[in-house]
Structure formats: structure tokens, C-alpha cells
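Please treat every number below as a calculation from the coordinates, not as lab data. Everything numeric here is computed off the predicted structure, so don't read it as measured data. Heads up, the Cβs are rebuilt from the backbone with ideal geometry, glycines too, and the neighbour counts pull from every protein chain shown.
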Amino acid sequence: MHSSILHYIPYYEEIKYHTNKLLLFSNQQKNSYSILPSIESFCQFSNLNMPDAVNEEPISSNNGPSTCDLPLARQKRLHWWLLLALLIIFLLVGQAAAVLLGRFYYDKGGNSKWMATLVQTAAFPILFIPYFFLRSSDDSSSVSNPPSILTISLIYAVIGGVIAGDNMLYSVGLLYLSASTYSLICATQLAFNAITSFFINRQKFTSLIFNSVVILSLSTSLIAVNDDSDKPSAVTKGKYLLGILTTLAASALYSVLLSLMQLTFQKVLKKETFSVVLEMQIYTSVMATCVSIAGLFISGEWKTLRGEMDGFTPGNLSYIMTLVWTAVAWQLCSVGVVGLIFVASSLFSNVISTLSLAVTPIASLIVFHDKMNGVKIIAMLMAFWGFASYIYQNYLDDVEARKTQADANDASASSC
């Protein structure tokens, strides 16, 4: 041991000081620490490269985790934050791009509601690429009592069918509303999700969340009674109101879907790997795509697709590329949504989705030159207010959780 210490002669005084402090602390706690762990602890704290002779064993107390666990915990938390940031980007970029491309499809001659529904899930095959890689790396992860294939298939089939119906409602809403109006109404999904999370996921309903629900509801009411001068051309007052109602219904159904997905992760799948996120997204999209294709043929809209493509103002190639990139954008958005449910909660996923919807009116103002009258500006500011209330509540919850964890750690340390 003395030969190892000689490697750190330039730091002898500091080593001695920290060693004495550790020895004093160990005596107070009635534990025994050797000089060797004390030196190793100091060197790790100082980011020094330890020789192999000193670094063979992790530091551990009789009643606590090894110090090697701490960097691993920090690394794991860093990976969590990186994954969270990536999923947020997927959701924000994917949803904004999908809404704008969907409005572009309608503005330039597209009129098929079932086609607009189909592209929201049709790009699921691209998810098989990351799924196969992640699945092979996650094979070691398993649960003690995995659900049966029949149970999982039934859950995915039901969720996929509901997704198809929800996408259809969104398609009708976007057909009869401008992109900015549509996005502001969709922001009410946060209010709906607060309610569904309370009943389905047992998340608390505080005064700040209630404030957010009321503000977002009033924001939508302002748009509903607003002058319809910004509605798309050839849209009557009745169709404009139908667009508002279908978008509200879609937002409510979407919130139920998020809560059901979170419940599935927690109670049925019970597997903490990102491949599970992709698996749910792929199989529910397969079901939703099948339902959308069936609706396209049963409704007879498939007969009009050729004429729709020929009449698309920018041209046939632009028609195809619009549908392709809309499908990719929706799939990117969906991965972000389901991923955030997995790593955080359905409530947090909806908060980020609402943020994107609050920003989309600004993008539509730039891209499509949508009118932003005083009422719509007030509605948008109220949407931001409701979003801010919700975020602040999540901040308070996080502070409380950290305090509880710190108290638990202190209690555990004092009992050692």
C-alpha cells in the first residue's frame, strides 16, 4: 500500500487532510474505513487517474452502496435526460410539421379525409429499423409474469382502432379550420388529459391544474364564438362549427388514449425498455392503418384519388411528397408522444404536445399567412397561460419529490 501512496506525493497534504476527515466521520458513525479507501475517494473526487493496484475494488461501506454506483447513477440520469430531450424534439418538430403539411394538402386541392387519416399512421414500417437494433440489445430485460400474447394483441387492437377513429376526427377538423385555429383548439387536450389522468392514472388534481383547465376551456370558447373570417375558402358556418366540435372530440379522445397507454405500460407490459415504446407504436399503427385503408375503400374515396392527384396545384410529384412527408412527420410525432409517456407520464407528454400546438399558430401565420385577429391572439396568450400554470405545477411536484427523496436518503444515512 505504501508503494501506491508514493504515486501521490505532490498531493500528500490534501490526502492527509481528507483522510483524517474521513476517519473522524467513520468514528462518529461507528464504522471502520481503511486508509486505502480514503485515498481512493479523494482521488476520484479530484479526477486523478488511480493506479490499478489501488483501483481494484470499489469503495463500499458496511451499510451503503459502493462509490462506483454514484457515477453510474449520474450516467444513467444523463442518458434519461438525453432521451427525454430527443423525444421532446421529435414531438415538437413532428407535430408542427404534420399540421402544416396537412393544411397544405387541403389548401392545394386534397380533399380525402380518409387519406389524411391514413398518412397519420402509414409510415410505421420505418420504425422497424431502430426496433430490431433496440430489441436485440434489450433481450436480457424481462418481467417475472409477462402478459399473454392474446392479452397484448387485444390491447394493441383496441388502441389501434381508437387511434384510427381519433385521427379521422382530427382530419375533419383540419379540413374545415385554419391551421392556427385548429392548433389552438387542440391545446384543450391538456385540460382533457388532466381529467382523464385523475380518473385513470390517479394523478392529483390541484388548484393550478384546475386553473389550467379553465383557462384552456375559455380559450377554446373564444375561438368558437369568434368571427369565422379566417376559415378556409368554401367552408360554410355549419362546417366551421363542425370542425370545432370534431377537433374538441378528437382532443378528448386523444387524452383518453394517452392515459390508457400509460396504464398499459404500468400495469400490463411492466418492461422498462425503449423497444417496448416502438413495439406499441408499431402494432397500434398497423391496426390503425388497416382500419384507415378499410375506411378509404368502404367510403369510395379511393376512386377520387387519381383525380385529386391530377388536380393538385403544385403537381403530381408534390402531391406524393406531401403525403409521404406528412406520414413521416406524424410517425416522428407519435414516437415522441409514446416515448414521453414511457419515460415520464401521459400528462407530461400532453404538456409538450400542447406547447407545440401553441407555437404552430405562429408558424402557420408565417407559412400560410393565417389571419391573427385580436380574439385569436388573446386565445393564444390564454393557451400559453394555461400551459405555464401546468408547467409550474409539475415544477412544484418535482421539488416536492426531490425533497422527499433527500429526506429518505438522510434518514437512511443516519440509520447506518
Classify the stretch 145-237 as rounded, prolate or oblate, taking a ≥ b ≥ c as the square roots of the eigenvalues of its Cα gyration tensor: rounded when a/c is under 1.5, otherwise prolate if a/b is larger than b/c and oblate if not. oblate
Summed side-chain charge close to M287 - residues other than M287 whose Cβ falls under 14 Å, Lys, Arg +1, Asp, Glu -1: -2
Highest first, please rank the peptides 145-156, 336-347 by the mean number of other Cβ atoms sitting within 10 Å of their residues. 336-347, 145-156
Proxy exposure order for F90, F132 (fewest C-beta within 10 Å first) is F132, F90
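Kindly rank 378-389, 205-216 from highest to lowest mean number of other beta carbons found within 10 Å of each residue. Spell out each step's value before the answer.
Working: 378-389: 20.1, 205-216: 18.4.
Order by mean packing, descending: 378-389, 205-216.
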Suppose the Debye formula is applied to equal point scatterers at every Cα of the stretch 277-334; what is log10 I(q)/I(0) at q = 0.17, 0.25, 0.28 Å⁻¹? -0.73, -1.06, -1.09
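Give the peptides 325-335, 179-189 in descending order of average Cβ contacts within 10 Å, highest first.
Details: 325-335: 22.8, 179-189: 27.1.
The packing order, highest mean first, is 179-189, 325-335.
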So what's the net charge close to T196: Lys and Arg +1, Asp and Glu -1, counting the other residues with Cβ under 15 Å from its Cβ? +1
Provide Rg and Dmax in Å for the stretch 300-393, with only Cα atoms included in the calculation. 17.9, 51
With a ≥ b ≥ c taken as the square roots of the eigenvalues of the C-alpha gyration tensor of the stretch 84-136, please select rounded if a/c is under 1.5 and otherwise prolate if a/b is larger than b/c or oblate if it is not? oblate
List the trypsin sites (Lys or Arg not before Pro) in the stretch 172-277 that DSSP assigns to loop (not H, G, I, E or B) and whose Cβ has at most 11 other Cβ atoms within 10 Å. Which are they? R202, K204
Longer than 26 Å from Cα to Cα, which of K231/K303; K76/K403; K204/K231 are they? Say none if no pair is. K231/K303; K204/K231
Here D for the stretch 351-416, in µm²/s, from Stokes-Einstein with a Kirkwood Rh over Cα pairs at 10 °C and 1.306 mPa s, works out to 107 µm²/s
